[in-house]
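Chemist: I have a structure I would like to understand better, so I am pasting it below and will then ask my questions one at a time.
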Amino acid sequence: MFAGMRNKKASQTAGTSTAVEDYLERILELINSKGYARVIDIAAALKISQASVTNMVQRLDAEGLLKYEKYRGLILTGAGKKLARRIAQRHNLLTEFLRLLGVDDRVIHQDVEGMEHHISPSTLRAIAALTQQLRHRPALRARLQARPA
Ligand code: ZN
């Protein structure tokens, strides 16, 4: 890998592309639920062609985030796992935050899938702090959730 690319990547940890984040998120989900992630399963989960998945998987392999073997599926490397877990934690935090605000579950999922890729670390920390407060304040939650539709 070129030194320039490595630098760019290092400074963009928080700015990993939406596509890469979606892949890592789905791959971790598949591994957690089925024990493995195959190209065919990822393609189904992301609703895209297997050829596109293969391309991206090869890219993620080149970036050191996973190891891909054509017939045995793939595994996340240490770096891939770390990133995927951070993505999953962020997803869970945003889900809990919206739930505490009383947002409808179907809306929550849709919103989180969009929000999670565009939120800055500082906003996320602020939401984490607010979520922590909301957890312990049922009266405040009740007031928030009593808003008109
Ligand atoms: Zn998500």
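Bear in mind these aren't lab numbers, they're just calculated from the coordinates by the rules spelled out. Just so it is clear, the model here is predicted, and its values are computed rather than measured. Note that each Cβ is placed from the backbone with ideal geometry, even for glycine, and that neighbours are counted across all protein chains shown.
Chemist: Using θ = phi - 60° and the Karplus curve 6.51 cos²θ - 1.76 cosθ + 1.60, what whole-Hz ³J(HN,Hα) does each residue of the stretch 87-104 get, with Gly and Pro shown as x?
Modeler: Coupling constants for the stretch 87-104: 5, 5, 5, 4, 4, 5, 5, 5, 4, 5, 4, 5, 5, 5, 7, x, 6, 4 Hz.
Chemist: Over 17 Å, how big is the tail of the calculated P(r) for the stretch 94-149, in percent of all Cα pairs?
Modeler: Working: 627 of 1540 pairs.
In whole percent, the share of Cα-Cα pairs in the stretch 94-149 beyond 17 Å is 41.
Chemist: I've got another one for you. Could you compute the longest span of the chain free of chymotrypsin sites (Phe, Trp or Tyr not before Pro) located in DSSP loops and having at most 14 other Cβ atoms within 10 Å, not counting the site residues?
Modeler: Working: sites that count: PHE2, TYR36, TYR71.
After excluding every exposed loop site, the longest remaining stretch is 72-149.
Chemist: Can you give the local net charge around ARG106? Use residues other than it whose beta-carbon is closer than 15 angstrom to its beta-carbon, Lys and Arg +1, Asp and Glu -1. Walk me through the numbers before you get to the answer.
Modeler: Numbers: positive: ARG99; negative: ASP104, ASP105, ASP111, GLU113.
It works out to a net charge of -3.
Chemist: What are the ³J(HN,Hα) couplings of the stretch 66-71, residue after residue, when phi is run through the Karplus curve with 6.51, -1.76, 1.60 and θ = phi - 60°? Round to Hz, x for glycine and proline.
Modeler: Computed from phi, the couplings for the stretch 66-71 are 8, 10, 10, 10, 3, 9 Hz.
Chemist: Could you give the semi-axes, largest first, of the ellipsoid that matches the chain, computed as the square roots of 5 times the alpha carbon gyration tensor eigenvalues and rounded to whole Å?
Modeler: Three semi-axes, in Å: 33, 18, 12.
Chemist: Remind me, relative contact order of the stretch 27-95 in percent, using alpha carbon pairs under 8 angstrom and six or more residues apart? Present the calculation step by step, with values, prior to reporting the outcome.
Modeler: Working: 54 pairs, mean separation 17.7, N = 69.
Dividing the mean separation by the residue count of the stretch 27-95 yields 26 percent.
Chemist: Multiply the residue gap between VAL103 and SER52 by 0.36 nm, knock off their C-alpha separation, and tell me the result in nm, one decimal place.
Modeler: 14.9 nm
Chemist: Can you find, among LEU60, ALA84, ILE40, the residue farthest towards the positive end of the dipole of the chain? Put +1 on the C-beta of Lys and Arg, -1 on that of Asp and Glu.
Modeler: ALA84
Chemist: I would also like to ask the following. For the stretch 87-145, with only Lys/Arg (+1) and Asp/Glu (-1) charged at the beta-carbon, what is the dipole magnitude about the Cα centre, in debye rounded to 20?
Modeler: With only Lys, Arg, Asp and Glu charged at Cβ, the dipole is about 340 debye.
Chemist: List the relative contact order of the stretch 2-144 as a percent without decimals, with contacts defined as Cα pairs under 8 Å and 6+ residues apart. Don't skip to the answer; put the middle values down first.
Modeler: Values: 106 pairs, mean separation 28.6, N = 143.
Normalised by residue count, the contact order of the stretch 2-144 is 20 percent.
Chemist: Determine, for ILE108, ILE40, ILE87, the number of other Cβ atoms within 10 Å of each Cβ, and report the residues in order from fewest to most.
Modeler: Working: ILE108 18, ILE40 11, ILE87 21.
Going from least to most buried by this count: ILE40, ILE108, ILE87.
Chemist: Let me ask something additional. Is there a quick way to get the dipole size of the chain? I mean about its Cα centre, with the Cβ of Lys and Arg at +1 and of Asp and Glu at -1; what is the value in debye to the nearest 20? Don't jump to the answer; show the numbers that get you there.
Modeler: Details: 24 positive and 14 negative charges, 85 e Å.
Result for the chain is approximately 400 debye, rounded to the nearest 20.
Chemist: May I pose another question? Work out the count of Lys pairs in the chain where the Cα-Cα distance is under 29 Å, with the pair 8 or more places apart or on different chains.
Modeler: Lysine pairs meeting the criterion: 21.
Chemist: Quick one: which residues, 5 or more positions from LEU66 or on another chain, have an amide H under 5 Å from its amide H? H modelled 1.01 Å from N in the peptide plane, none for Pro or chain starts.
Modeler: Counting only residues 5 or more places away or on other chains, the set is ASP61, THR77.
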